[in-house]
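Quick notes on the structure that follows.
The values are calculated or read from the model by the stated rules, or taken from the named source; none is laboratory data. Note that this is a predicted model, so its numbers are computed, not measured. Glycine gets a Cβ as well: all are built from the backbone with ideal geometry, and neighbour counts include every protein chain shown.
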Amino acid sequence: MYRKTTLDNGLRILTTTMPHTRSVGLAFFVGVGSRYETDAQAGASHFIEHVLFKGTEKRPSALEIAAAIEGVGGVFNASTGREVTAYWAKVAAPHRSVAVDVLVDMLRHARFDPDDIERERHVIIEEINHTLDSPDQLVHLLIDQLSWPDHPLGRDVAGTRESVRALSRQQLLDYMRHYYVPGNVVVSLAGQVEHQEAVEELARLLGDWSDGERRGFLPAHDDQSEPRLKVHYKETEQAQLCLSVPGLRRLHPDRFALRLLNAILGEGMSSRLFLEIREKRGLAYSVSSYISSLEDVGTVGVYAGVDPARIQEAIRAILGEWDRLRKETVSEAELNKAREYFKGRLLLQMEDTFSVAAWFGQQELMSPEEVLTVDQVVAEIDKVTAADVQRLAQQLFDGRKLSLAVVGPFEGENEFRETLQCFDLYS
């Protein structure tokens, strides 16, 4: 499915040939994100991602960088997460070298012009302000704070307004020097690409890139023993809520069962939450479940936007669906539907060249000891039983480990605390 070459400096190059396509998706995955930051560095990973788009010696402005990709009809972007920062592009196959050159130029030769940094500092602060002003985004930030209090995982990936204002150019350069090293980077290409040709091109551009030793991150632990609650007063027409419990680490043996549990619970318009909360009770326009899996910890949660007058009913209904998964074995028909849902979405995703590049590239970076093909994942999904799903639900949906974040026109916490404490997730 893919080929891999490691250069002498530690840079890993992956290619997946998809001869039927006319495009190439490529991405540089860097093993760093917000959880690597100290309090003083909060937001540095995200700040660097922004600055790399502002100009290089070869392309001194953001316009020239963008025009190089868009001038050949391509698209490109970047993202910063808790553990990975990605820079990617997708272009027509004849223009692969243009995209490679632009991304390499950004990663290795960004100018970090002081004026650009100051302008981008203001942009990022406005991005943070947008999160704080958007109830549906703020509630997710609050649930992270509850899940990982006093830990980098509980912070906004963008940092805080205070930390972003304080970050200096030298701090950004020092931070980048520790993590943007070839041994901490995977380059993945997929589409109409030939492996050896890509390796030779990247070796020519990156073979002289000196490796270094990256710093680690602060480990996280699941030590919650009682419910956690945060209610943020905001005068809104709709209340936003997130309910979560600790989940599974990235390579946990039960991770495939968790995928099906999540599909059954709250993915799509035929999931239990959608049918119960929206279709049957009319409590929410938007309701869904989600999972997050990191190297050492994870979360399982539910998000909903509801009428403030009916929020208690919504919370009870969500918890009721959790309890139902604990107490009742999922039928074979529903389990098979979840299997086919998951497999179908996965296979549709793999028709896109960038998605294929990301599939293998992120696995190689985060879990090189276990890079699975799509067929291997499908085989693991097919092994999951109804008993596996119920056992996992009983393990995860523990009322002592429950967290609830609410944003809306509520003055106090007492009514929410009573709802959490009286529910049957404690038995």
query: Which of the following residues is within 22 Å of Val356 (Cα to Cα) and surrounded by fewer than 17 Cβ atoms within 10 Å (Cβ to Cβ): Ser134, Ser79?
result: Ser79
message: Under 7 Å between Cβ atoms, which residue pairs at least 6 apart in sequence (or on different chains) link something in the stretch 169-183 that is touching a residue at least 60 places away in the same chain (Cβ under 8 Å) and over 14 Å from Ile117 (Cβ atoms) with a partner that is among the β-branched types (Val, Ile, Thr) and outside any helix (DSSP H, G or I)?
response: Tyr179/Val30; Tyr179/Val32; Tyr180/Val30
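Test Ile311 against the criterion of being at negative phi and in contact with a strand residue (DSSP E or B) (Cβ under 6 Å, 6 or more places away or on another chain), and give yes or no.
The answer is yes for Ile311.
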query: Is at least one residue of the stretch 207-223 surrounded by fewer than 17 Cβ atoms within 10 Å (Cβ to Cβ), of a type in the set (A, V, I, L, M) and either within 30 Å of Ser244 (Cα to Cα) or modelled with pLDDT of 95 or more (or both)?
result: yes
message: Given the criteria at pLDDT 95 or above, among the hydrophobic types (A, V, I, L, M, F, W, C), farther than 17 Å from Leu404 by Cα and part of a loop (DSSP other than H, G, I, E, B), does Leu248 qualify?
response: yes
query: Are any residues in the stretch 38-63 of a type outside the set (Gly, Ala, Ser) and either in contact with a Lys or Arg (Cβ under 7 Å, 6 or more places away or on another chain) or outside any helix (DSSP H, G or I) (or both), and if so, which ones?
result: Thr38, Leu52, Phe53, Lys54, Thr56, Glu57, Lys58, Arg59, Pro60
message: Here is a check on your reading of the model: is Leu265 in contact (Cβ under 8 Å) with a residue 60 or more places away in the chain and assigned by TED's automatic domain parsing to the domain that holds Thr419?
response: yes
- prompt: Looking at this structure, is His232 modelled with pLDDT of 95 or more and closer than 30 Å to Ala42 by Cβ?
  reply: yes
- prompt: Yes or no: Arg35 part of a helix (DSSP H, G or I), within 24 Å of the chain's Cα centre (by Cα), charged (D, E, K, R) and assigned by TED's automatic domain parsing to the domain that holds Gln171?
  reply: yes
Single match in Tyr175, Tyr233 (criterion: within 30 Å of Thr419 (Cβ to Cβ) and among the aromatic types (Phe, Trp, Tyr)): Tyr233
- prompt: Can you name the helices (runs of 4 or more DSSP H) wholly within the stretch 285-396 that have at least 2 residues being touching a residue at least 40 places away in the same chain (Cβ under 8 Å) and among the β-branched types (Val, Ile, Thr)?
  reply: 311-327, 353-366, 374-383
message: Name the residue that is modelled with the lowest pLDDT, counting only residues in the stretch 1-54 that are surrounded by fewer than 23 Cβ atoms within 10 Å (Cβ to Cβ) and among the aromatic types (Phe, Trp, Tyr).
response: Tyr2
statement: Quick count over the stretch 331-361, residues being under 26 Å from Val75 (Cα atoms) and among the aromatic types (Phe, Trp, Tyr), is 3
